[in-house]
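The values are calculated or read from the model by the stated rules, or taken from the named source; none is laboratory data. Bear in mind the structure is a predicted one, so any value in this text is a computation, not a measurement. Here Cβ is always computed from backbone atoms with ideal geometry, including for glycine, and neighbour counts include all displayed protein chains.
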Amino acid sequence: MRYVPGIHADGAVVITPAGKKAFTQTITLGGQVMIAGDALPMLIDNDPYQYRVCLYAELELGKQWKRVERK
């Protein structure tokens with residue numbers, strides 16, 4: 001194991017529908033970028049790269065239940 005300096009950036013946009021009765025709670029779209037000072041091997045069969053890029057989408061579904069307070 002060795003230390004390799006680099007930089008990592010992550011950004012996302014979260015979209016929340018306006019209605020409280022919407023079944024879709026949030027939609028998240030984002031990406032990550034990692035740049036290293038040296039090529040990093042990740043898998044045996046793949047060539048080592050100095051950068052990694054990842055894009056992702058997240059969808060949260062569900063219903064918000066009304067909270068009942070007990071006395």
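Summary table
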quantity	calculated
Those residues of the range 5-41 which are over 16 Å from the mean Cα position of the chain (by Cα), surrounded by 11 or more Cβ atoms within 10 Å (Cβ to Cβ) and more than 30 Å from LYS66 (Cβ to Cβ), in sequence order	GLY6, ILE35, ALA36, GLY37, ALA39, LEU40
Which numbered condition LYS20 fails, given (1) among the charged types (D, E, K, R); (2) at pLDDT 80 or above; (3) farther than 29 Å from MET1 by Cβ	(2)
Any hit, the range 57-64, residues being outside any loop (DSSP other than H, G, I, E, B), on the phi < 0 side of the Ramachandran plot, surrounded by 11 or more Cβ atoms within 10 Å (Cβ to Cβ) and among the acidic types (Asp, Glu)	yes
Close pairs (7 angstrom Cβ cut-off, 6 or more residues apart or separate chains): part of a loop (DSSP other than H, G, I, E, B) in the range 1-24, surrounded by 10 or more Cβ atoms within 10 Å (Cβ to Cβ) and β-branched (Val, Ile, Thr) anywhere	THR16/THR26; PRO17/THR24
